[in-house]
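The values are calculated or read from the model by the stated rules, or taken from the named source; none is laboratory data. Source: prediction; values computed, not measured. Please note: Cβ atoms are built from the backbone with ideal geometry, for glycine as well, and neighbour counts cover all protein chains shown.
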Amino acid sequence: MGSGLAASYTPGVDALRLPVVPAGPRALDAAALGLTAQGDARAHGLFDRYGRAHTYLRISIIEKCNLRCRYCMPAEGVPLLPREDLLTFEEIERLAALFVGLGVRKIRVTGGEPLVRRDVDDLIARLGRLKALGLHRLAMTSNALLLKQHIPAMRAAGLDAVNLSLDTLRPDRFRAITLRDGCEETIDAIRTAAAAGFEKVKVNAVVMAGVNDDELVDLARAFARDLPVDVRYIEYMPFEGNHWGEALKMFPAAAIRARLEEQLELIPTGFDETAAMYRVPGFLGSIGIISSMTEPFCATCSRTRLTADGHFRWCLLDEGELDLRGPLRDGATDGDLAGLIEEGLRRKKPGHAPADELLSVQKAAGPGGARSMIRIGG
Ligand code: SAM
Ligand code: SF4
């Protein structure tokens, strides 16, 4: 799907020539976040207008998944991308190399479920080779169901870290949340990963009121007590079609902390990317709490995203995005593509909108108008 943009685009020309980006929701105020406008991103490479350096790229490689988590995937599923809309490995590698050239130091491969993509080991090897160009860290987020068989090849290819998602230790709940079986297999895969020599293994649990908020301590003990695994609790975020505030409700970070402190001593150790981190005496791993909704971390955001269909997104919670695949396939040079990436970053707002406003923008866009989490890439 060529936009014809590449032929007409010259880095440095004004933004009016770019594809129209739908208006996003109202942004949090810059002053409230302690940010000041610092000029044009174009002049700074991967800095935005508020001086935030974007050194972290999350690449979604597929929209399909082998689970159906109710907080992620709309009940009606997501329409399958025509195969030709998916970026090829060669295209992902070219764009990733370009981002590394522009200053990205960490890449996380995600999805959908990245391990469902055929020949994913080959893609990890291609991305691993970008370490020669300046990439420091290659990581992956996965539901771990298919992980075990990939660990040797991926470790050898330079995968440094894995974030593995698991919201419950109870098979019946696992089925109720993900609409599939696989709880024991996931637990087993996490334990195998913990012994596989990764720099870091983290378990991510999305916390929902009345669904799994009574298992927070159990999850911490299951993985962080005897294994060098960090357990991180994520506030449930609203996305298109994910039951937010309806059947499923957020359990705020302050309540997560309080629930853990009923039984564990949490000693604050600072921030790790987006998570407030805690040490627990006697535990090998740490505890993290990610408060995207109630205590947003926009002021220190360093993230950008590439969707499986080749769109550049500068904020998980903003509908704005720019197509890179069209220009790429139309023969855009690296300079053209870099110009588009910088243009996207110029549009990054100081912070994301509050939850109710995110929801109303998503509802106004209608089904398919806004991207669900699974289509953005978590
Ligand atoms: N399939 C992989 C997995 O589940 O880890 C990778 C993609 S998934 C979209 C990435 C992360 O997003 C997972 O840790 C998942 O729990 C989280 N996630 C999905 N929907 C969410 C939501 N509504 N709120 C908060 N986190 C969410
Ligand atoms: Fe699949 Fe991950 Fe979304 Fe669950 S959270 S449906 S495992 S992409």
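Brief remarks follow.
- Test: V217 is within 13 Å of ligand 1 (Cβ to nearest atom) and either in a helix (DSSP H, G or I) or surrounded by 21 or more Cβ atoms within 10 Å (Cβ to Cβ) (or both): no
- Helices (runs of 4 or more DSSP H) fully within region 86-194 that include at least 1 residues being touching a Gly at 6+ places or on another chain (Cβ under 8 Å) and either at negative phi or away from ligand 1 (no atom under 16 Å from the Cβ) (or both): 89-102, 120-128, 151-156, 171-178.
- In region 312-349, the residues that are among the acidic types (D, E) and closer than 23 Å to C298 by Cα: D318, E319, E321, E342, E343
- Within region 107-129, tally of residues that are away from ligand 2 (no atom under 16 Å from the Cβ), surrounded by fewer than 20 Cβ atoms within 10 Å (Cβ to Cβ) and of a type outside the set (D, E): 5
- Residue match in region 232-243 (condition: within 16 Å of ligand 2 (Cβ to nearest atom), of a type in the set (F, W, Y) and part of a loop (DSSP other than H, G, I, E, B)): yes
- Hits in region 55-78 (condition: within 14 Å of the chain's Cα centre (by Cα) and within 11 Å of ligand 1 (Cβ to nearest atom)): R58, S60, I61, I62, E63, C72
- Inside region 47-68, residues that are within 12 Å of ligand 2 (Cβ to nearest atom) and of a type outside the set (A, V, I, L, M, F, W, C) make up a count of 5.
- Members of region 306-331 that are in a loop (DSSP other than H, G, I, E, B) and over 19 Å from E240 (Cβ atoms): G310, L324, D330, G331
- Close pairs (9 angstrom Cβ cut-off, 6 or more residues apart or separate chains): under 21 Å from V104 (Cα atoms) in region 117-146, among the small types (G, A, S) and crowded, with 21+ Cβ neighbours inside 10 Å anywhere: R126/A96; L127/A96; L130/A96; L135/A96; T141/G111; T141/S165; T141/G377; T141/G378
- Of all the residues in region 69-106, those that are within 16 Å of ligand 2 (Cβ to nearest atom) and either modelled with pLDDT of 90 or more or surrounded by fewer than 22 Cβ atoms within 10 Å (Cβ to Cβ) (or both) number 13.
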